[in-house]
1. Within the group 13, 49, 70, which residue is crowded, with 24+ Cβ neighbours inside 10 Å and either under 19 Å from the mean Cα position of the chain (by Cα) or in contact (Cβ under 8 Å) with a residue 24 or more places away in the chain (or both)?
2. Are any residues in segment 182-198 open to solvent by less than 10 Å² (accessible area, probe 1.4 Å) and in contact with a helix residue (DSSP H, G or I) (Cβ under 7 Å, 6 or more places away or on another chain), and if so, which ones?
3. Starting from segment 154-167, take each residue that is in contact (Cβ under 8 Å) with a residue 60 or more places away in the chain and list its partners that are of a type in the set (Asp, Glu), counting only C-beta distances under 9 angstrom and pairs at least six apart or across chains.
4. If residue 139 satisfies every condition in (1) surrounded by fewer than 19 Cβ atoms within 10 Å (Cβ to Cβ); (2) at pLDDT 85 or above but one, which is the exception?
5. Considering segment 236-277 alone, what residues qualify as being at pLDDT below 75 and either in a loop (DSSP other than H, G, I, E, B) or aromatic (Phe, Trp, Tyr) (or both)?
6. Filter segment 158-181 down to residues that are surrounded by fewer than 22 Cβ atoms within 10 Å (Cβ to Cβ) and among the β-branched types (Val, Ile, Thr) and give me whichever is modelled with the highest pLDDT.
7. If residue 115 passes every condition in (1) open to solvent by 60 Å² or more (accessible area, probe 1.4 Å); (2) farther than 26 Å from residue 220 by Cα but one, which one does it miss?
8. Read through the list (1) open to solvent by 10 Å² or more (accessible area, probe 1.4 Å); (2) in a helix (DSSP H, G or I), then give the number of the only condition that residue 222 fails.
Amino acid sequence: MTILTFTIILLLGAYVAGLLGSLTGLGGGVVVIPLLTLFFHVDIRYAIGAALLASIATSSGAATAYVKEGITNIRLGMFLEIATTIGAVIGAVIAIYMPTNTIAIIFGFVLIFSAAMTVRKKNEHANAGGSPLAEKLKLNSTYPVEGKLIPYKLTNIVGGFSLMGVAGVISGLLGIGSGSLKVLAMDSMMKIPFKVSTTTSNFMIGVTAAASAVVYLQRGYMDPGIAFPVILGVLGGAITGSKLLKRMNPKTLRIIFAVAITFVALEMIFNGFQQKF
C-alpha cells in the first residue's frame, strides 16, 4: 500500500468515525483506534496519540457552539477538569509502560461499556434537590429549553468528582474522550440534565486529551503521517454529524452502532488475549 492510498483510506475512515461518533455521542476515538490497529495494524500507542489529537480538535470546534447557546456549564466543567486532567496524566504514564495487548483488552471492555451507555435511559429533567457543596461552589445553573431558562441543582459532588478522575485515567490510557463515563458521572450521580451533561463533557474532553497528549508527544508516539489525516477526517465528520443531528432522530442509529461497536470490542479483546498487538 502506497503512502497516498494509506492517507486517503485513513482520511475517509476518520471522516466516518467522526460522523458516527458525533451522531452517537461516543466520539471518533472509539472507531479510529480499532480502524488503525485492526485494519492498518498500527501500534496501539500511535493510534492513541492520533485519537487524542483528534479529540482536542473536535472538542474545541463543537464546544464553542454549545457555549454560545448557554447549555454548557463552564464553571462545573472547569471544576471537574481538575480531576480529569490529573487522571489523564496518570493514565498516559501507565499506558507507556503497560503491554499493548493489555491496553487492547481494556479498550475492548471500555467499548462495550460505552456501547451500553448509548442506549441507556437519560435524565432529561432538572433535579429538584441540591447539595450544600454545589451551592457553596456556585455550580448550580440554568439551561435553555424552548426559549426559557430552566434552573437545575447538582447532587453528590464528591462522587461525581471521583468518577471524573477515573474517566481521566481511562482517557489517558486509551486515547478516547471517555465521554460515557463523564456523562454517567454528571447525568446519573450528579443529576444534571442530559443536554447539559453531554455538552459540558464535550467541553472538557479537549482539556483532558491535551493533558495526556503531552506525555505521548514526549515519548514520540505521535506520527504526523497518521495524526494529520485522522484530525482532518474526524473534525470533518463531527461537523457533518452536528448538522445532521438537528434533522434526524439518532436513537435507531445508536442501537445499530452499539451492536457494531460491541463486535469490534470483542475482536479487540480476542486479539489482545491472542497476543496479536
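1. Exactly one of 13, 49, 70 is crowded, with 24+ Cβ neighbours inside 10 Å and either under 19 Å from the mean Cα position of the chain (by Cα) or in contact (Cβ under 8 Å) with a residue 24 or more places away in the chain (or both), namely 49.
2. At the first step, the residues of segment 182-198 found to be open to solvent by less than 10 Å² (accessible area, probe 1.4 Å) are 182, 185-187, 190, 192-193, 196-197.
Within segment 182-198, 182, 185, 186, 187, 190, 192, 197 qualify.
3. 154/135; 164/81
4. Tallying (1) surrounded by fewer than 19 Cβ atoms within 10 Å (Cβ to Cβ); (2) at pLDDT 85 or above, residue 139 fails exactly one: (1).
5. 246, 247, 248, 249, 250, 257, 277
6. Of everything passing the filter in segment 158-181, 158 is modelled with the highest pLDDT.
7. Condition not satisfied by residue 115: (1).
8. (2)
The values are calculated or read from the model by the stated rules, or taken from the named source; none is laboratory data. Here the structure is a predicted model, which is why all the values come from computation and not from measurement. Note: ideal-geometry Cβ built from the backbone for every residue, glycine included; neighbour counts use all protein chains shown. Note: areas computed on protein heavy atoms with side chains; ligands, DNA, RNA excluded. Shrake-Rupley method; radii C 1.70, N 1.55, O 1.52, S 1.80 Å.
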